Amino acid sequence: MRTAVAAAALAAAVLAGCAGAPAPGPAATPGAAAGTTGGPAASPTPSPTPASRWDASPASVAAVGDSITRAFDACSLLADCPEASWATGTDPAVNSLALRLLGPGRVAARSWNLARSGARVAALPEQMARAAAERPELVTVMIGANDACRPTPAGMTPVAEFRRSFEAALARLRKDAPDAQVYVASVPDLMRLWDTGRASPLVRKVWELGVCGSMLADPEDLGAAAGARRAAVRDRVVAYNRVLAEVCAGDELCRYDGGAVFGFRFDGTLLSTWDWFHPSRDGQARLAELAYRRITEE
C-alpha cells in the first residue's frame, strides 16, 4: 500500500466488531394434537448439525491484496519483499502461512502472491480472477488500508463502494473456483499507529514525506479539527471491517479474522524502520501467526 511517496498501511489496536441480534429459538412445540389422548407432547427430534466444509489444511494458497501482503519496505527502502510476506513468503524467520501449511518443499509450486502495492479494493475483483485461474484451495485477502489512507479523508473510498467491490471480488472467485476457501484479514487500526509513533521526532519526519496523510498528517496537532479528522478515518476503517465481516459471513467457505489484525498491538519493533508504517519481518511473522490460528481452527 503505497502513498504518493512512501507507502501505506499497518498498525494495530482494537476491533469494533459487529454482532447481530441473537437468532430466535425454535417455535414452542404445541401440546397434544387434536384427537389424541392427553399427555405431554413428544419432544421434537433435533435436526443434525451440518458438517463444516472448512478444510484446516489446504494444499495450495493464493494471496491477494496490497503492499502488506507484498511485504513492502520489510527488507529495503521503497521495495516489495515477497519472500518476507506473511501469506506466501519463503523466509524461515517469518514462517509464512504458506510455509506452515505446505512446508518448504511445496511453497514455490503451490502458492501465488498476486497482491499489488498500492491496491485499493476496486482492484480486488481482477486479482481474484487471477487467483481463481490457479485453482487454489485457499485465498487470503488483506485489503482496505489504502482505501482509508488517502491524502485527506475526503478521498477515502465510500463504504457502499467498498462493499460492492468486495462482493464482486468474492463473486468473481466463486465463478471459476467455487470450492476455494477464503481467509479475510481485518484492516489495521491506523489511529493506533498514529498514537504509537507520534511522540518520535524520527517517525514524524518520515511521515512528513506523505505517508497516509488522512491519518498521519500533522501528528503533533491535538486540536479539535485534527482529532475529528483522525476519528473520521478510524470510523471508516471500522466500517470497512464491518463490511468484510458481513460479506464473508454470507459465504460458507469464507472466514473473517474476527478483527484480529485490527486488534493486534503492533509496536515500533514490529514496524519497518524505512517508513514506520508497514510491518517489518517480525511484524509479518505476527500476521502469519494470526492467520494460521484462524485458518486451522476446527
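The values are calculated or read from the model by the stated rules, or taken from the named source; none is laboratory data. Given the structure is predicted, the values throughout are model-derived calculations rather than measurements. Methodologically, a virtual Cβ is constructed for each residue, glycine included, from the backbone with ideal geometry; neighbour enumeration extends over all protein chains shown. Just the protein is used for accessible areas: all its heavy atoms, side chains included, with ligands, DNA and RNA removed. Shrake-Rupley method; radii C 1.70, N 1.55, O 1.52, S 1.80 Å.
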- Message: If I ask for residues that are out of contact with any Cys (no Cβ under 9 Å at 6 or more places or on another chain), part of a loop (DSSP other than H, G, I, E, B) and open to solvent by 10 Å² or more (accessible area, probe 1.4 Å), which ones from region 64-86 would you list?
- Response: Ser76, Leu77, Leu78, Ala79, Asp80
- Message: I'm trying to understand the selection: among the residues of region 245-276, which are out of contact with any Gly (no Cβ under 7 Å at 6 or more places or on another chain), within 25 Å of Leu202 (Cα to Cα) and of a type in the set (Phe, Trp, Tyr)?
- Response: Phe262, Phe264, Trp274
- Message: Show the residue pairs meeting these rules: Cβ distance below 6 Å; 6+ apart or different chains; first residue within region 60-82 and basic (Lys, Arg); second residue at pLDDT 95 or above and assigned to a loop (DSSP other than H, G, I, E, B).
- Response: Arg70/Asp80; Arg70/Ala115; Arg70/Ser117
- Message: Quick test of your reading of the structure: Thr273 fulfils all but one of (1) in contact (Cβ under 8 Å) with a residue 40 or more places away in the chain; (2) in a loop (DSSP other than H, G, I, E, B). Name the failing condition by number.
- Response: (1)
- Complete set of residues in region 198-228 that are crowded, with 22+ Cβ neighbours inside 10 Å and free of Cβ contacts under 8 Å to residues at least 12 places away in the same chain: none
- Within region 237-258, tally of residues that are surrounded by 23 or more Cβ atoms within 10 Å (Cβ to Cβ) and not β-branched (Val, Ile, Thr): 4
- Regarding Leu271, is this residue within 18 Å of Met215 (Cβ to Cβ) and at pLDDT 95 or above? yes
- Task: Would you mind listing the helices (runs of 4 or more DSSP H) fully within region 104-197 where at least 3 residues are open to solvent by 10 Å² or more (accessible area, probe 1.4 Å) and more than 23 Å from Phe262 (Cα to Cα)?
- Result: 107-110, 124-133, 159-176
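If you check Ala232 against the conditions, is it touching a Lys or Arg at 6+ places or on another chain (Cβ under 9 Å) and in contact (Cβ under 8 Å) with a residue 40 or more places away in the chain?
no
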- Message: I'm trying to understand the selection: among the residues of region 87-102, which are in contact with a Ser or Thr (Cβ under 8 Å, 6 or more places away or on another chain), open to solvent by less than 30 Å² (accessible area, probe 1.4 Å) and assigned to a loop (DSSP other than H, G, I, E, B)?
- Response: Ala87, Thr88, Gly89, Val94, Ser96
